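The values are calculated or read from the model by the stated rules, or taken from the named source; none is laboratory data. Bear in mind the structure is a predicted one, so any value in this text is a computation, not a measurement. Note: ideal-geometry Cβ built from the backbone for every residue, glycine included; neighbour counts use all protein chains shown.
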Amino acid sequence: MPTAFTHTFNALHADRPRAAVAGILAAGLLAGGCAAWALCTPVRLYEATSSARLEVERAIYPIASPVAGRVTVVHLTIGREVTEGEVLVEIDSAAERLQILEDQARQAALRSQMEALRAQIASEDRARGQERQASGVGREQTRAEARESDLAASHAEAEERRMAELRIKGERK
């Protein structure tokens with residue numbers, strides 16, 4: 001029975017599915033290999049905090065510290081889980097303690113110097129006030145002497161006028 005697609009059917013029957021099957025098998029093997037790699041490869045987990053960073057998986061990792069020093073006490077046990085904020089090691093802090101004591105001694109010396117300077121300032125302020133008082137008294141004394149001089153001058157003028165009047169009266173007689 002002849003059909004309109006005779007040539008197409010003949011080409012389909014003549015075509016071998018080997019190449020297609022080989023391509024599908026290659027794609028399947030590639031996908032299976034990727035899946036096996038994804039499932040079997042170990043994945044490391046990382047946890048970061050603001051105070052320390054610890055990465056563990058059967059290996060030794062250094063823990064960074066913001067200060068340098070010699071470790072004096074260790075609070076670690078192998079296989080024990082640690083929590084955030086837990087003290088793991090204690091570092092020798094003798095140098096820092098000495099620095100703090102030195103700073104405190106320097107502050108105490110500066111405090112005593114400040115107190116001495118404050119006392120000196122207060123003394124100078126009192127002296128300045130006494131000088132102002134003394135200058136005020138000097139001004140009053142100068143004014144009193146000026147008034148006294150004015151009174152003496154006006155008394156002398158009055159005496160001179162009186163003498164002049166007496167002289168004039170004495171000449172008339």
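Restricting attention to the range 95-107, does a residue exist that is in contact (Cβ under 8 Å) with a residue 12 or more places away in the chain, closer than 25 Å to SER51 by Cβ and of a type outside the set (Gly, Ala, Ser)? Give the steps one after another, and end with the answer.
Initial filter on the range 95-107 (in contact (Cβ under 8 Å) with a residue 12 or more places away in the chain): 95-96.
Then keep just the ones that are closer than 25 Å to SER51 by Cβ; that gives 95-96.
Now narrow it down to the ones that are of a type outside the set (Gly, Ala, Ser): 96.
Yes, the range 95-107 contains at least one residue that is in contact (Cβ under 8 Å) with a residue 12 or more places away in the chain, closer than 25 Å to SER51 by Cβ and of a type outside the set (Gly, Ala, Ser).
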Criterion (at negative phi, β-branched (Val, Ile, Thr) and modelled with pLDDT under 80) met by exactly one of ILE78, ILE91, ILE121, ILE100: ILE78
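Limited to the range 91-148, what total is found for residues that are part of a helix (DSSP H, G or I) and closer than 30 Å to HIS75 by Cα? Walk me through it before giving the result.
Looking only at the range 91-148, we keep the residues that are part of a helix (DSSP H, G or I), and these are 94-148.
Checking the rest, the ones that are also closer than 30 Å to HIS75 by Cα come to 94-101.
The number of residues fulfilling the criteria is 8.
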